[in-house]
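Accompanying notes for the structure given below.
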Amino acid sequence: MQISLHALGIGAGARREIIDAVAVAAERAGFTTLWCGEHVVMVDRPRSRYPYSADGRIAVAADADWLDPMIALSFAAAATSTIRIATGVLLLPEHNPVIMAKQAASVDQLSGGRLLLGVGIGWSREEFEALGVPFARRGARTAEYVEAMRTLWRQDVADFTGEFAAFDAVRLHPKPSAGSIPIIVGGNGDRALARVASWGDGWYGFNLDGVAAVGERMDMLRRLCARAGRDVDDLHCAVALQAPAVGDIPALVDLGVDELVIVESPPQDPDVAADWVDALADRWITCI
């Protein structure tokens, strides 16, 4: 079981000195991946329901600092040399896919091929409205953007014609270190899992309510993969739990989960950030 940390980009985790301290300490302690999420804008009184909590509200204050994840992860990558970096998740339909393909390939090259691109379709209608992007059919837009980005990474002279994106005889360099970048699909619902089975390289289940919920979702993913002619064992499956316990790890391994993501907020004081990471490592990494 890989143990990873989702702690950067928000609040104290948006400060340069905290990013440096947490990233260096996490790599030294043996964490596998540093995850960083995204929201471009927040609103004080959202009409949209947050899908990862029982009350439909996101726990992050609307006025909290929230860094662009590609920029935050580039700083984390610069402070380290081996730990993976991952967007958890990037709201892909809110971005131009050609620019995002360029940014992701650039971060992947500069980090030595350490990037996992976690993507989601988004849930905040207000955010889409602020960006001038249609909220409707964002799932279809996401799937097409992924196809367009993979085309740009794969082809030297790239052509693509779709409903939401099109380009003709363009060159995008640099290419990713390994020729492509693993795309991890975020979301807990059936439609999200269908996207994983259809075109994802993995799944990031977020804030799931215990091992039983993970098992039910993994069973659904297996069925969807079978229908799509894919093997769930070929996917990278990462989960974050609402109240994780060390005793959950054997059961998660049995379910086929590859990575347990610990979601925590770092301290405000960079001088104690390394001790904070070490305490998390003592709890989670020394037990496996």
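Can you put Leu5, Leu131 in order of accessible area, largest first, using a 1.4 Å probe?
On the way: Leu5 0, Leu131 65 Å².
If we order Leu5, Leu131 from most to least accessible, we get Leu131, Leu5.
How large is the convex hull of the C-alpha atoms of segment 1-71 per residue, in Å³?
Details: hull volume 7.5 nm³, N = 71.
Value for segment 1-71: 106 Å³ per residue.
Using only Cα atoms, locate the centre of segment 82-144 and the centre of segment 184-255, then give the distance between them in Å, rounded to an integer.
Comparing the Cα centres of segment 82-144 and segment 184-255, I get a distance of 20 Å.
State whether segment 64-162 is rounded, prolate or oblate according to the following rule on the C-alpha gyration tensor (a ≥ b ≥ c being the square roots of its eigenvalues): a/c under 1.5 gives rounded; otherwise a/b larger than b/c gives prolate, and the remaining case gives oblate. Could you put the intermediate results ahead of the total?
On the way: a/c = 2.48, a/b = 1.21, b/c = 2.04.
Here segment 64-162 falls in the oblate category.
Let me know the shape class of segment 111-181, please: from the alpha-carbon gyration tensor, a ≥ b ≥ c as square roots of the eigenvalues, rounded when a/c is under 1.5, otherwise prolate if a/b is greater than b/c, or oblate.
Values: a/c = 2.69, a/b = 1.49, b/c = 1.80.
Oblate shape, in that a/c is at least 1.5 and b/c is the bigger or equal ratio.
Nearest 500 deg cm²/dmol is fine: what mean residue ellipticity at 222 nm does the chain get from its DSSP H runs of n ≥ 4 alone, each adding -39,500 (n - 2.57), divided by its residue count?
Values: 9 runs with 112 residues, N = 288.
Dividing the helical sum by the residues of the chain leaves -12000 deg cm²/dmol.
Among Ala178, Ile85, Gly37, whose Cα lies farthest out toward the positive end of the dipole of segment 1-283, if unit charges sit on the beta carbon of Lys, Arg (+1) and Asp, Glu (-1)?
Going by the Cα projections, it comes out as Ala178.
Just to confirm a number: summing +1 for Lys and Arg and -1 for Asp and Glu over residues other than Ala212 whose beta-carbon lies under 13 angstrom from that of Ala212, what do you get? Could the numbers behind the result be given before it?
Numbers: positive: Arg217; negative: Asp209, Glu216, Asp219, Asp248, Asp254.
Residues close to Ala212 contribute a combined charge of -4.
Tell me, what % of the accessible area of the chain is carbon and sulfur with a 1.4 angstrom probe? Can you show the working numbers first?
Details: 6340 of 12650 Å².
So the carbon and sulfur contribution to the accessible surface is 50 percent.
Scanning the chain for helices, which whole DSSP H stretches are 15 Å or more long along the axis (Cα) and average 0.0 or more by Kyte-Doolittle?
Details: long enough: 16-29 (20 Å, 0.49); 97-110 (19 Å, 0.51); 138-154 (24 Å, -0.81); 210-227 (26 Å, 0.11); 270-284 (21 Å, -0.17).
Length and hydropathy pass: 16-29, 97-110, 210-227.
Can you give the accessible area of Phe206 in Å² (nearest 10), computed on protein heavy atoms with a 1.4 Å probe?
50
Take Ser124, Ser177 and sort them by solvent-accessible surface of the protein heavy atoms, 1.4 Å probe, largest at the top. Numbers along the way, then the final one.
Values: Ser124 10, Ser177 60 Å².
Ranking Ser124, Ser177 by accessible area, largest first, yields Ser177, Ser124.
Heavy-atom accessible area per residue, segment 1-283, 1.4 Å probe: how many Å²? Spell out each step's value before the answer.
Values: 12350 Å² over 283 residues.
Using a 1.4 Å probe on heavy atoms only, each residue of segment 1-283 averages 44 Å².
Between rounded, prolate and oblate, where does segment 211-270 land on the alpha carbon gyration tensor, with a ≥ b ≥ c its root eigenvalues, rounded for a/c under 1.5, else prolate if a/b exceeds b/c? List each step's numbers first, then the result.
On the way: a/c = 2.93, a/b = 2.13, b/c = 1.38.
It comes out prolate by the Cα gyration axes.
What does the charge dipole of the chain about its Cα centre add up to, to the nearest 20 debye, if the Cβ of each Lys and Arg holds +1 and the Cβ of each Asp and Glu holds -1? Walk me through the numbers on the way to the answer.
Numbers: 26 positive and 38 negative charges, 164 e Å.
Around 800 debye, computed over the chain.
The values are calculated or read from the model by the stated rules, or taken from the named source; none is laboratory data. For clarity, every value in this text was computed on a predicted model and none was experimentally measured. All Cβ positions, even for glycine, are placed from backbone atoms using ideal geometry, and neighbour counts span all protein chains on display. Surface areas here come from the heavy atoms of the whole protein model, side chains and all, with no ligands, DNA or RNA. Shrake-Rupley method; radii C 1.70, N 1.55, O 1.52, S 1.80 Å.
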